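Notes follow the structure.
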Amino acid sequence: MSDGDDWNASIIAEFRANEGKVGGQFEGAPLVLLHHRGRKSGREFISPVMYLPSETDSDAIYVFASRGGAPTNPDWYYNLMAADRATVERGTESYDVSIRDVTGDDRDRIFAEQARRYPGFADYAAKTAGIRVIPVVELRRA
């Protein structure tokens, strides 16, 4: 198992043991466990990701393919775009979601709100400036 897999495994275990709450760098932040299938392997993966709840629709949340400001999108983003469906664990609840890539002004508005609440996202955007635009994905309860 890679260091990243070990790190994810510890976050997942803590999330499940504490009804969706974790400490460390994610303490107090809204976090979901995103279940997705590998577009090539077909394997199920679980990625802990921060989310922003929609202000107008209780069935929608937004996740951000920031990958810590890396120059490429995370694999989970490509897996979601290939599948159109996924499952999330949010708190103690698990449910299926549909996927929508948010673009244009909506994407910019949603990302700006996430960066306002969590300034690390503004840092990620600065790191990727001129390389890529960090995708925003809507996960809607199916």
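The values are calculated or read from the model by the stated rules, or taken from the named source; none is laboratory data. Since we're looking at a predicted model, the values are computed, not measured. Methodologically, a virtual Cβ is constructed for each residue, glycine included, from the backbone with ideal geometry; neighbour enumeration extends over all protein chains shown.
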Please identify the pairs in which a residue from segment 120-142 that is under 26 Å from residue 87 (Cα atoms) and outside any loop (DSSP other than H, G, I, E, B) has its Cβ atom under 6 Å from the Cβ atom of a residue that is among the small types (Gly, Ala, Ser) and modelled with pLDDT of 95 or more, counting only partners at least 6 apart or on another chain.
121/115; 124/66; 124/69; 138/60; 140/60; 140/98
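Condition check: among the small types (Gly, Ala, Ser) and surrounded by fewer than 17 Cβ atoms within 10 Å (Cβ to Cβ). Does residue 83 satisfy that? If you could, list the steps in order and put the result at the bottom.
Details: among the small types (Gly, Ala, Ser): yes; surrounded by fewer than 17 Cβ atoms within 10 Å (Cβ to Cβ): yes.
It is true that residue 83 is among the small types (Gly, Ala, Ser) and surrounded by fewer than 17 Cβ atoms within 10 Å (Cβ to Cβ).
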Pairs where the first residue, in segment 11-31, is touching a residue at least 60 places away in the same chain (Cβ under 8 Å) and the second is of a type in the set (Asp, Glu) and surrounded by 14 or more Cβ atoms within 10 Å (Cβ to Cβ), C-beta under 7 Å, 6+ apart
none
